[in-house]
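> First, the structure itself, so that you have it in front of you.
Just so it is clear, none of the values below were taken in a lab; they were calculated from the coordinates. Not measured: the values here are computed from a predicted model. Neighbour counts are summed over all protein chains in view; Cβ atoms, including those assigned to glycine, are modelled from backbone coordinates with ideal geometry.
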Amino acid sequence: MEAENTLANQKESNDNRTIDNLSLQDQINFSTITLQLYQNETIRQETIASEKDSASYKPNLGIQIIDALKSGWYILQAILIFFINLWPFILISIGGFFLYKTYIKKQ
């Protein structure tokens, strides 16, 4: 009887060790590791000499003409807006001119 109990205890101990090993293996397989690395940000820039001529980057003649017309139109608009902003001074100048003209005609 003792031999059977000893054998049963050994089998139970062996089973418990196997279960513990499987549990440990399961914990290892499904574990999560979090790593945090700290390092200053570094930016690396390299300057590479370009073999292309700068003329190859210029837009063609048609696009330059369209851009010139656009910028000319914007300049004309700016001049017109400038004179519209000066309307009180222009109105006073015209009124002063007519007053001066009528005052000189009376003398």
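> Suppose every Lys and Arg Cβ carries +1 and every Asp and Glu Cβ carries -1, with no other charges. What dipole size does the chain come out with about its Cα centre, to the nearest 20 debye?
Using Cβ point charges on Lys, Arg, Asp and Glu, the chain gives about 2280 debye.
> Another one. Can you pull the Rg over Rh of the chain, Cα-only, Kirkwood?
Ratio of gyration radius to Kirkwood radius: 1.81.
> So what does log10 I(q)/I(0) come out to for region 17-78 at q = 0.18, 0.24, 0.25, 0.26 Å⁻¹, using the Debye formula with one equal point on every Cα and no solvent?
Those come out to -0.88, -1.03, -1.05, -1.08, one per q.
> Could you give the length gained by full extension between residue 39 and residue 14, i.e. 0.36 nm per residue of separation minus their alpha carbon distance, to one decimal place?
4.1 nm
> Let me ask something additional. For region 1-50, max minus min Cα coordinate along each principal axis, in Å, sorted largest first?
On the principal axes, region 1-50 reaches 92, 22, 13 Å in Cα extent.
> What residue among 88, 69, 30 has its Cα farthest toward the positive end of the dipole of the chain, where the charges are +1 on Lys, Arg and -1 on Asp, Glu, each on the Cβ?
So the residue we want is 88.
> Another question about this same structure. From the phi of every residue in region 73-88, what ³J(HN,Hα) in whole Hz does the Karplus formula 6.51 cos²θ - 1.76 cosθ + 1.60 yield, where θ is phi - 60° and glycine or proline is x?
Result, ordered by residue: 5, 5, 5, 4, 4, 5, 5, 4, 5, 4, 5, 5, 5, 8, 4, x Hz.
> Another one. Using only the alpha-carbon atoms, what does region 51-94 span along each of its principal axes? Please give whole angstrom values in decreasing order.
Ordered largest first, region 51-94 gives principal extents of 62, 19, 10 Å.
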